[in-house]
2 protein chains.
Amino acid sequence: MGGDSGPGVVVAALGRSMLRHPSVRFLVHGDESRLKPLFAKRAKLLARVEIRHAAEAVRMDEKPSIALRRGRNTSMWHAIQSVQKKEAEVAISAGNTGALMAMSMFQLGVLPGIERPAIAALWPTRRGQSVVLDVGANVGTSAAQLVDFAVMGEAFARAVLGLEKPTVGLLNVGAEDVKGNEAVKGAAGILRDVTLPMEFKGFVEGDDISGGEVDVVVTDGFTGNIALKTAEGTANMIMHFLRSALRRSLLGRIGAVIASGAFRTLRRKLDPRAANGGIFLGLNGVVVKSHGGADALGFASALDMAIDMARAGVVSRIVSDLAGVSGKMSRLEGAAAS
Amino acid sequence: MGGDSGPGVVVAALGRSMLRHPSVRFLVHGDESRLKPLFAKRAKLLARVEIRHAAEAVRMDEKPSIALRRGRNTSMWHAIQSVQKKEAEVAISAGNTGALMAMSMFQLGVLPGIERPAIAALWPTRRGQSVVLDVGANVGTSAAQLVDFAVMGEAFARAVLGLEKPTVGLLNVGAEDVKGNEAVKGAAGILRDVTLPMEFKGFVEGDDISGGEVDVVVTDGFTGNIALKTAEGTANMIMHFLRSALRRSLLGRIGAVIASGAFRTLRRKLDPRAANGGIFLGLNGVVVKSHGGADALGFASALDMAIDMARAGVVSRIVSDLAGVSGKMSRLEGAAAS
């Protein structure tokens, strides 16, 4: 029921997803009277869907704490509950991010050893895609939490991007060991030491993200969120400049028509819908947040990712990788306390 | 003597700057035996230049603390000293940023009431240019320091961008009051309250920077540095994708030739050389850092900015604006201490 355009987008996305994933079935939570008409001409899809009525919906601007307290009859609560009850393997929503995280933490629980879940994003790079996390779940982050993020990002990259031994970098203001705040320096010290199916590359800088220097970029949620939105803003500005430069002259317009195939390629490479969604990592279950403004293509990408995550067993991989660092983490906490 | 290409770039930039600023004279500090030949065929320029011999130069990879201790015979030390002795009004270097900041703080001193100087950058936006600070001088920043940055950025925007009452925003992960860490929330509380020649717009997000939502974007040096490099990396990636998409087909190549004027316009808009340089704010004097990789055009832009700053009296404007917030700041510090 969430997102800027409501359930119509979700149903259209299910139509795409149904073809891509023939064995997947869908529970659709929401207001029956609004949902049923949307399936009226989609008999094939309806055969794979079960509609579960929920009388209420979380508002996009609702405070997470209020949604958590009053939201037991909402579609969002029910969707997460179906994961908690093992009726569903993943939950996907285009609704209120904070409420989705609060309800997911409450109902599914956080994995043992993880302080706070993180939100990961897929980021287009020169070489393909990288995983960046945290992009907004936490505003202050300790060294131990950055290490958690590295483990979760590495497990995700192996499971969903299919990399055997992903490279991992810590986002910092310089590549030298002496640079940065205490959290990144502390996390680097631990990550150099751990034995995990990843290759720790040390510090990376802002321009290394789109350069594709590493498969997994680890950062705190404050910096990660700002970096992500700064990159989106920069891409939008450049495409705006490009369009207006081409429109300004007759030659520009002619050239644009002749080279239209090339511009389509560029737009496809930068299409935010291809990498739509915030991936919640660190929960005892899979939850994916689609952009509120996503269309059917974008929401279908979020579905793809969620299905891939469930199939690849991301959660159990994170659990087993966390076991590999827990000894080192407790030594760190001991050192910090002493 | 600094930068990736050495003093040849600086001398070529002085040739450009001499024409733009007919009344400006230049002190050039460095190894005489290397500098003199560069002026051999530039009699007109040499008439406006005084070469000051410095036997040594700070290395690009030298630790700032070491440069500060051992660097009294370097060209960088001498350049800053000439500002301290009032022989020059501004110092410009393409050398080691950390060493330049350390030597500037030591020789010129920090303005009363300022805890740490900041590095500001000019950022291309849809609407023109904005000032973003801090982009790298500090890794941890308090609410009071963010307020300092707002005052310094506002004074810079009035002096150099010629705005009467610049708009100022605090970079955050959301526009709502409850979002963000303690530093940004505390700074917003003070900035809403101060009476200064600026209009405080509250929180802005990463995509608002290139959107040109405000004239001055205030952030801590860790986030600001990463945001700046992320934007540069994104711009480079898109231009790379655009070039390779156009090259891939014959139609793409033909279209690119026909629309070449439009592409030149785009490149000019995004040319990092037009906004080259880190502006050191909060010192008792004007110091500008050119990118190490700048060419003559880029270094000349840094010279333009430094000359504008000196002419407009940025330092004295900051001093008088700081007086306007000092009462509120001490109340804040009292509140924090109690």
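Quick note: the coordinates plus some simple rules give every number you see, no bench work behind them. Keep in mind that what you see is a predicted model, and the values were worked out from it rather than measured. Virtual Cβ from ideal backbone geometry, glycine too; neighbours counted across all protein chains shown.
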Just want the answer: with Cβ charges of +1 for Lys and Arg and -1 for Asp and Glu, which residue in A:GLY169, A:VAL131, A:ALA188 is farthest toward the dipole's positive end in the range A:118-273? A:VAL131
Residue-averaged [θ]222 nm for the protein assembly as shown, counting only DSSP H segments that reach four residues, each worth -39500 (n - 2.57): -16500 deg cm²/dmol
Measuring from centroid to centroid over Cα atoms, what is the spacing of the range B:32-51 and the range A:254-268 in Å? 49 Å
Give the long-range amide H neighbours of A:LEU163: residues separated by 5 or more places, or on another chain, with amide H under 5 Å away, using H modelled in the peptide plane at 1.01 Å from N. A:ARG158
Along the charge dipole of the range B:119-273, pointing to its positive end and built from +1/-1 on Cβ of Lys, Arg, Asp and Glu, which listed residue (B:LEU250, B:ALA121, B:ALA144) has its Cα farthest out? B:LEU250
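Any idea what the dipole of the range A:118-273 comes to, in debye rounded to 20, about its Cα centre with Lys/Arg Cβ at +1 and Asp/Glu Cβ at -1?
Working: 18 positive and 17 negative charges, 268 e Å.
Using only the charged Cβ atoms, the result is roughly 1280 debye.
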GNM top mover of A:ALA157, A:ALA143, A:ALA102 - chain A, alpha-carbon springs below 10 Å: A:ALA102
Pick from A:ASP304, A:ASP207, A:ASP321 the residue whose mean-square fluctuation is largest in a GNM of chain A, springs joining Cα atoms under 10 Å. A:ASP207
If the chain between A:GLN84 and A:LYS165 were fully extended at 0.36 nm per residue, the gain over the current Cα-Cα distance would be 26.1 nm
Lysines within cross-link reach of A:LYS63: Cα-Cα under 25 Å, excluding same-chain residues under 8 positions apart? A:LYS229, A:LYS289, B:LYS179, B:LYS185, B:LYS201
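Run the dipole for the range B:241-302 about the Cα centre, Lys and Arg Cβ at +1, Asp and Glu Cβ at -1, nothing else charged, and hand back the magnitude in debye, nearest 20. Could you put the intermediate results ahead of the total?
On the way: 10 positive and 2 negative charges, 77 e Å.
Result for the range B:241-302 is approximately 380 debye, rounded to the nearest 20.
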Please list, ordered by chain and number, the residues whose modelled amide H lies under 5 Å from the amide H of B:GLY293; skip anything fewer than 5 residues away on the same chain. B:ASP4
Mind listing the label-point distances from B:ASP271 to the same position on all other copies, shortest first, one decimal in nm, points 7 Å along Cα→Cβ? 3.5
Kirkwood Rh in Å, taken over all unlike Cα pairs in the protein assembly as shown: 27.1 Å
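Answer rounded, prolate or oblate for chain B, using the Cα gyration tensor with square roots of eigenvalues a ≥ b ≥ c: rounded when a/c is under 1.5, else prolate when a/b is larger than b/c, else oblate. Intermediate results must be reported in sequence, preceding the final value.
On the way: a/c = 1.89, a/b = 1.12, b/c = 1.68.
In terms of gyration-tensor shape, oblate.
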Where a label projected 7 Å from the Cα of B:SER316 along Cα→Cβ would reach, residues of the range B:104-121 with amide N under 17 Å: B:111-112
Distance between the C-alpha centers of the range B:183-240 and the range A:89-107? Whole Å please. 29 Å
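Check each of the GluC sites (Glu not before Pro) in the range B:7-114 and keep only those in coil by DSSP with at most 14 other C-beta atoms within 10 angstrom; list them in order. It would help to have the intermediate numbers written out before the result.
Numbers: sites: B:GLU32, B:GLU50, B:GLU56, B:GLU62, B:GLU87, B:GLU89; in loops: B:GLU62, B:GLU87, B:GLU89.
When the GluC sites (Glu not before Pro) of the range B:7-114 are filtered for loop state and at most 14 Cβ neighbours within 10 Å, B:GLU87 remain.
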Provide an ascending nm list, one decimal, of label-point separations from B:GLU115 to the equivalent residue in each further copy; define each label point as 7 Å from Cα along Cα→Cβ. 2.1
What are the label-to-label distances in nm, one decimal and shortest first, from B:ALA40 to the same spot in the other copies, with labels 7 Å along Cα to Cβ? 8.7
I need the shape label for the range A:151-297. Rule: rounded when a/c is under 1.5, else prolate if a/b > b/c, else oblate, with a, b, c from the alpha carbon gyration tensor. prolate
If you build a Gaussian network model of chain A, linking Cα atoms that sit under 10 Å apart, which residue out of A:SER130, A:SER210, A:SER301 swings the most? A:SER210
